[in-house]
Amino acid sequence: MREIYYILMVSLDGFIEGPNGELGWSEPSEELHQHFNDLYATGEIDTSLYGRRLYELMAGYWPTINESSQVPDVELEFARLWKKHPKIVFSTTLDKVNWNAELKRSVDPEEIRALKKEPGTNMDVGGANLAASFMRYGLIDEFRLYVHPVILGGGTPMFPRDVKLKFKCVETRTFDGDVVMLRYRLAETV
């Protein structure tokens, strides 16, 4: 059965963006960027599940990168992978989505459980609000936190305050820039 991973960059104090939506602190090193590329290129993750804000952020940047862009090769590779990678976007306000994306108006837990039983590999869920919904429905199997050595002092938290979970650590890895991946499997709800 397919699994759903919650994969995000996070500050030491648990935020995925700063108080004013800042993301510059989470710029990945080439090594970390290649790690993310490999998740898609190897097929470990074959579908991404996005909330509206994350989809708009990604769709506003990655499709603009092409062969003439002056970006590192690792970013060019990710742009190619992202454009063709299947995506499901959950939004009540968007009229349409592009770049191999399908639009859903709401999270139906039974529909997501059925999706997990379909052929394919794993899926990643992105966007704090969408991931919070998935957590409340018990739909996330694995959590991968890429902890950056910064304190933001506020912003958007990675985890909602009303969900209590217990994890089992299955892997740690350090990347350039002292970013530490903490990979957890869900042990139980608390």
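Residues that are out of contact with any Gly (no Cβ under 7 Å at 6 or more places or on another chain) and surrounded by fewer than 19 Cβ atoms within 10 Å (Cβ to Cβ) within segment 40-57 comprise 41, 42, 43, 44, 52, 56, 57, listed in sequence order. Filter segment 61-105 down to residues that are polar (S, T, N, Q) and in contact with a strand residue (DSSP E or B) (Cβ under 8 Å, 6 or more places away or on another chain) and give me whichever is surrounded by the fewest Cβ atoms within 10 Å (Cβ to Cβ). Once the filter is applied, the top-ranked residue is 100.
Considering segment 1-20, and only residues there that are assigned to a loop (DSSP other than H, G, I, E, B) and in contact with a helix residue (DSSP H, G or I) (Cβ under 9 Å, 6 or more places away or on another chain), the residue that is farthest from residue 51 (Cα to Cα) turns out to be 1. For segment 72-93, the count of residues that are at pLDDT 95 or above and of a type in the set (Gly, Ala, Ser) is at least one. Applying the condition of being among the β-branched types (Val, Ile, Thr) and assigned to a strand (DSSP E or B) to segment 142-190 and asking which residue is farthest from residue 34 (Cα to Cα) yields 189. Listed by position, the strands (runs of 3 or more DSSP E) contained in segment 30-119 that have at least 2 residues being in contact with an Asp or Glu (Cβ under 9 Å, 6 or more places away or on another chain) and in contact (Cβ under 8 Å) with a residue 24 or more places away in the chain are 45-51, 87-90. Of the residues making up segment 22-60, those that are out of contact with any strand residue (DSSP E or B) (no Cβ under 8 Å at 6 or more places or on another chain), closer than 22 Å to residue 129 by Cβ and not hydrophobic (A, V, I, L, M, F, W, C) are 22, 24, 53, 56, 60.
The values are calculated or read from the model by the stated rules, or taken from the named source; none is laboratory data. For clarity, every value in this text was computed on a predicted model and none was experimentally measured. Here Cβ is always computed from backbone atoms with ideal geometry, including for glycine, and neighbour counts include all displayed protein chains.
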